[in-house]
Amino acid sequence: MKTIKGPAIFLAQFASDAAPFHSLADIARWAAGLGYRGVQIPTWDSRFLDLDLAAESQDYCDEVAGTLAAHGIQITELSTHLQGQLVAVHPAYDAQFDGFAPTQVHGDPAARQRWAVSQLEKAAIASRHLGLSAHATFSGALAWPYLYPWPQRPAGLVDDAFDELARRWRPILDKFEDNGVDVAFEIHPGEDLHDGITFEMFLERVHNHPRANILYDPSHLLLQQLDYLAFLDIYHQRVKCFHVKDAEFRPSGRSGVYGGYQNWIDRPGRFRSLGDGQVDFAQIFSKLAQYDFDGWAVLEWECALKHPERGAAEGAPFIDRHIVRVTDRTFDDFAAGGSDRALNRRLMGI
């Protein structure tokens, strides 16, 4: 068994133009002061990482790692959530998702997709330069508008959508294979890979590619009313990243899983700061230890109520408290009688 690394924090939700959230050195100092030992870096924010340069220059990556190491911080993973989303975009979301890409590709879905693929390829190389073994991203979605089967879906629509999703991702996965890095898709509503079944559908179409893996975030599973503990029993071999994020689901006589188009604060399902929701993290950390998860416990702060800085301050000790320092001995070793095969035979009556 292995002891999970952590605590770590995803920087995306904290980035701003105000100190200490405006530069890598300053946000690293802030995170270390709260007790974090790792950071997950969003590659779309050049204040923290220049992805083009990271893919070109080992020296630059060594400099980034050195900046963090000066504060006792390591990089856990790079993230391309926004770029991964753009690998596959249904036309219904074109205008909304253009904001994730440079202005020169706005209004041109094919150019936007090519840009997104190039970003993923650069992230694979940058991850290798930084000595990372896993990468966090989204799958994008072509079938999501057809989630609910009304009107009745045309025969083969979902199969065709997943065939196309796999066709787009296969060369990206191969690029990550070339660089020795796992792609961890966050299982997330809004993505075609939003639960175990959809991940399996994709995995089958990429022929069980060894680099097609999972970012496990129990909050998204709880809001779907999926058994997030059984999910680990089933898919633990593919779990390569872990977002520690809490949530609660409080159905009413007026609204349920779909949320009634309400704002986050009014939805039955809401993300919460760590310890304020319903996720059973004691069981999650125990299962990850049992299954030899060899990664980081990374806080992703999202909460409709609590201030992010308070959530971050409470998050580090919460994660540290839940990390299971695995045992190096069996609890009943004191009663061991040694090895004696003759005794074993007598005990069996043979």
Under 5 Å between amide hydrogens, which residues at least 5 positions from residue 9 or on another chain qualify, with H placed 1.01 Å from N in the peptide plane? 38, 39, 40, 299
For the chain, what is the charge dipole size about the Cα centre, in debye to the nearest 20, if Lys and Arg each add +1 at the Cβ and Asp and Glu each add -1 at the Cβ? 840
For segment 128-138, in residue order, the Karplus 3J(HN,Hα) values (coefficients 6.51, -1.76, 1.60; θ = phi - 60°; whole Hz; Gly and Pro = x) are 5, 4, 8, x, 8, 10, 9, 9, 9, 7, 10
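Percent relative contact order of the chain, based on C-alpha pairs within less than 8 angstrom and at least six residues apart? Numbers along the way, then the final one.
Details: 629 pairs, mean separation 67.2, N = 350.
Reported as a whole number, the value is 19 percent.
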Rg and Dmax of segment 188-234, using alpha carbons, in Å: what are they? 10.7, 30
Work out Dmax and Rg for segment 108-259 from the C-alpha atoms and quote the Rg first, both in angstrom. 16.4, 53
Taking the alpha-carbon centre of each part, the distance from segment 248-271 to segment 165-188 in Å is 33
How far is helix 196-205 tilted, in degrees, relative to the longest principal axis of the Cα atoms in the chain, given as a value from 0 to 90 rounded to the nearest 10? 70
Scattering from the C-alpha atoms of segment 229-300 alone, worked out with Debye: what is log10 I(q)/I(0) at q = 0.21, 0.26 1/Å? -0.93, -1.12
Working from Cα positions, state the angle (0 to 90°, nearest 10) between the long axis of helix 308-322 and the longest principal axis of the chain. 30
Let me check against my output: what whole-number percent is the relative contact order of segment 14-127, with C-alpha pairs under 8 Å and at least 6 apart? 27
Once you keep just the Cα pairs under 8 angstrom separated by 6 or more residues, what percentage relative contact order results for segment 114-182? 54
Taking the C-alpha atoms of segment 287-350, how large are the radius of gyration and the largest Cα-Cα span, Dmax, in Å? 22.4, 68
Suppose all protein chains stay in the model; what accessible area per residue would a 1.4 Å probe give for segment 41-95, in Å²? 39
q = 0.16, 0.18, 0.28 Å⁻¹, segment 45-116: log10 I(q)/I(0) [Debye, one scatterer per Cα]: -0.67, -0.77, -1.26
Pairing the Cα long axis of helix 157-178 with the longest principal axis of the chain, what angle in degrees results, from 0 to 90 and rounded to the nearest 10? 70
With Rg from the Cα atoms and Rh as the Kirkwood inverse mean 1/r over Cα pairs, segment 159-247 has an Rg/Rh of 0.96
Dipole of the chain (Lys/Arg Cβ +1, Asp/Glu Cβ -1, origin at the Cα centre): which of 318, 212, 72 lies farthest to the positive side? 318
Heavy-atom SASA rank of 245, 306 (probe 1.4 Å, accessible area, largest first): 306, 245
Accessible area of segment 2-140 with a 1.4 Å probe: how many percent of it is carbon plus sulfur? 51
Backbone HN-Hα couplings from phi across segment 77-82 [Karplus 6.51/-1.76/1.60, Hz, Gly and Pro as x]: 7, 8, 10, 10, 4, 5
Over the chain, consider all pairs of different Cα atoms and compute the Kirkwood hydrodynamic radius from their mean reciprocal separation; express it in Å, one decimal. 21.6
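The values are calculated or read from the model by the stated rules, or taken from the named source; none is laboratory data. Everything quoted here is computed from the prediction, not taken from an experiment. Positions of Cβ are generated from backbone atoms using ideal geometry, with glycine treated the same way; all protein chains shown enter the neighbour counts. Note: accessible area is taken over every heavy atom of the protein model, side chains too, but ligands, DNA and RNA are not part of it. Shrake-Rupley method; radii C 1.70, N 1.55, O 1.52, S 1.80 Å.
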